[in-house]
Structures are given as structure tokens and as C-alpha cells.
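Reviewing the structure listed below.
The values are calculated or read from the model by the stated rules, or taken from the named source; none is laboratory data. Remember, it's a predicted structure, so these values are computed and weren't measured experimentally. We place every Cβ from the backbone using ideal geometry, glycine too, and count neighbours over all the protein chains shown.
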Amino acid sequence: MTQAQQLPDSRRQPFAPDMTREAIARAGRVVLKVGTGVLTHPDGSIALARLFGVVEAASRLRHDGREVLIVTSGAVGLGRVALQLPEPPDTAALKQTCAAVGQSRLMALYQQGFARLGITCAQILITWTDFDDRVRYLNLHETLQSLFRLGVVPVVNENDAISLNDRVYRGTGKRPIFDDNDRLGALVASELAADLIVLLTDVPGVMTADPRRDPAARLIARIDRPEDVAHDVDGRSEAGRGGMASKLEAASVASRGGCHTVIASGLEPGALDRVLAGEEEGTWIPPRAALSSRSRWIAYCSHPRGTLVLRPAAAERLRDGATVRAGAVAKAEGLFRRGDVVEIRGPDGSLVGRGVVAVDAAMAREAIARRTAPFGGLELVHGQHIILKEDRHQRKDRPGAHNDD
């Protein structure tokens, strides 16, 4: 079959849950995330051999009939070299300038490498708004599915030339939907229901200590709950934005999408091939029972437009799957419309979960203020559209919850 021919939709069979590394070798849809420390040398110049090594591995997967997507860093670094800047950019404007110069150079290298191996690749540039807006999120899904059907390898990067993350979130205390390509890769893998994501970095995997400071550091071969250890690791790359904690947070997102994650070296020759063969390489984070597509969007991809602060004891009742009604809420913050995602917080400000609100902010505030019947019983967020904080790591979807996978 030539590359231009469409692959039938039935070709990709559902990935059977398998809690062994051998399952990785059967992954039908694979995401490869390549960090700046892998693609560049310490002086900022491009590491061509490593970039083309990733291209070759992706091409082998593609020729084997599997679907593969690459999430790449490197545009800012390439732009810095082209502009002959002695130091990495230290302002948002300069970073965006470097990205604008470097992105086309980065994509040209991928196109050159894939073309030599008979594969077509496509560039996809993403900002956080592409995940936050549900329609654009679904459009992204359809585009990627179409590329897969045509045998194309999508190459995805954050659109740093116009990204507003640095400016929108500075001083707000809020976290962007993704602020590095580790989380971007995990969101893409989750959105696509990928079977495997490999996070390639400049260390062998998750270590007991930073190997650059502690020669006795040992590799951790398997982590079942990455969110429990993310705060205990460091080893941030000097070239990129994401450190090991970022990769573990990304692995937590991917695992709730039912996706295997391996954090492995992109510097050691043959490491990626060993990962893809299901061998003991890097740190493996097994998948967990997957949330539905809509639930994943609520939990990870949307930017909350407001906050509902619960009254005392209401948070405990919510953990039983109860709908949030006006009588259980002390106040509503923010300007939100019906259908927006809001945070649900306890009286102490702790995050309880997220949900899709059933009324706008004005109606919510009126009902909360009046509290008496029938206002106190007004449904603000239905239980089927709530993802509790612990659910983001543990829960299977409740029966009847909307699923549009």
C-alpha cells in the first residue's frame, strides 16, 4: 500500500489493557516527545544525529503499520543560534522572536529526514486555546485522525511565536493548560487515546537523585502513581522548560487517558528502539482506567472560567457523586456562562474538582444569595459533569456519564 492510500478505520484495533512492558511493543498509536536537551548540543546547536535518529525510529513504526506522532521542542534554540544570541532568551518577546525564526528551520529538518525515508510529515502548531475551546479541540482531533488515515506523521509543537502563556498567567496564581511540551505531549496522547507516549530526555529516566549532582543516583524502573512522587524529583534541563517533575505530571495525565508512558534517554544510542521493543529501558508508568474523552477535557484541557466555593460539609457530600446545588455553595467567583468549566473548591480554598456549569454567573449568584426554595435547589453543576480532584487519578466514569470517544 502506498503512503497516499487511506488506511481503513478498522485497521487500528483497540489496545487491550496489559500491565506488562511487553504490551508496549504492540502499541498501535505512539507519541514521541523530544526535548530540547535531546535535540541540541550544550552550545545550542542542533544535534542532527539525534534528531534523525528519532525520525528513523518513527519511520520504522510507520512502515510497520503503526501510527506515530512527534511532539518536538527546539524552535527557540534554533532561532537563538540563527540570531547569534549568546544567552537563551529571557523575555517573552525575545523568546517569541527566536521561535518565529527557528520554527521553519526545525520543520525543514524533519521534512528532510522523513522524505529520505519515504514518509510525509505535517506541521501542527498549537496554543493553549486550541485545547480550551471545545470546538477547536474536536477540530484538532479530526485533523490528526485524518493525517493518521493518510499515513502522515504529525509533528506538533507549541506555537511559541504567538504563545501568550507567559503574559496571560504571570502574577495570576493560575497554571496554564500546558506550559511545556511534556504536558502538551501528554494532552495530545490523551486526546488521541494513544497507546504509548515516550518522553525522551537527557537522563536515563526518573532517578533517585539528580545524576548530575549525585553519582550514586539509581534509575527507578516503574512508577505506578507519578503524582505522588513528582514533588520529590528535580533535574530540570538547562535548555528547556520542563524538568523531571514536569514529565511525571505529564505521565499522570497520560495514564488517566489509558496510555503507557516511558521516560527514557534520548541521548543514549538504541534506547528508544529498546523502549519500543518493550524492553526494560527508562522509567515505565503503566496506564490506569481511562476517563472518557469529555471527562479528560474537563479535567485537563479546559481553562476554568470561575470558581464555586462550597459551604462546610458540602465537599464531603460531593465526593459521593452528588450534584452541586446553589444551597451547597457559599459564593461564585468569576464571569462564566452556561457550559463553561468552573473549579469547585472547599471552604478553605482547597481544590475539590472541576465541572461544567449549568447556569451563568448572574443566575448562580442570585440563587446562592437567596438559598430558600426553589433557589437553593437550583442545579449549578450536575454530578455527571463533575471530575473530582482524586478522580483525575483514580476514578472510572460514573454510569451514564457522557462519553464521546
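Here are Gly113, Gly74: which of them is closer than 20 Å to Leu272 by Cβ, modelled with pLDDT of 95 or more and either in the same structural domain as Leu192 (by TED's automatic domain parsing) or in contact with a strand residue (DSSP E or B) (Cβ under 8 Å, 6 or more places away or on another chain) (or both)? Working first, answer last.
Details: Gly74 fails: modelled with pLDDT of 95 or more.
The conditions single out Gly113.
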> Are there any pairs with C-beta distances below 9 angstrom linking a residue in region 350-375 that is among the polar types (S, T, N, Q) to a residue that is assigned to a helix (DSSP H, G or I), with the two at least 6 apart or on different chains, and if so which?
Replying inline: Ser350/Ala315; Thr372/Gly327
> For region 339-353, how many residues meet the condition of being among the charged types (D, E, K, R), loosely packed, with under 15 Cβ neighbours inside 10 Å and either in a strand (DSSP E or B) or within 26 Å of the chain's Cα centre (by Cα) (or both)?
Replying inline: 0
>> Only one of Glu56, Glu67 is surrounded by 18 or more Cβ atoms within 10 Å (Cβ to Cβ) and among the acidic types (Asp, Glu). Can you tell me which?
In response: Glu67
> In the list Ala401, Ala358, Ala322, which residue meets the criterion of being outside any strand (DSSP E or B), modelled with pLDDT of 75 or more and within 21 Å of Ser293 (Cα to Cα)?
Replying inline: Ala358
> Quick one: Glu22 ticks every box in (1) under 20 Å from Ile263 (Cα atoms); (2) surrounded by fewer than 19 Cβ atoms within 10 Å (Cβ to Cβ); (3) at pLDDT 95 or above; (4) not hydrophobic (A, V, I, L, M, F, W, C) bar one, so which box is it?
Replying inline: (3)
>> Residues to consider are Pro88, Pro154; find the one that is at negative phi, part of a loop (DSSP other than H, G, I, E, B) and in contact (Cβ under 8 Å) with a residue 60 or more places away in the chain.
In response: Pro88
> Pairs under 8 Å by beta carbon, first residue under 10 Å from Ser190 (Cβ atoms) in region 251-265, partner basic (Lys, Arg) and in a loop (DSSP other than H, G, I, E, B), six or more apart or different chains?
Replying inline: Ser255/Arg288; Arg256/Arg288; Gly258/Arg288
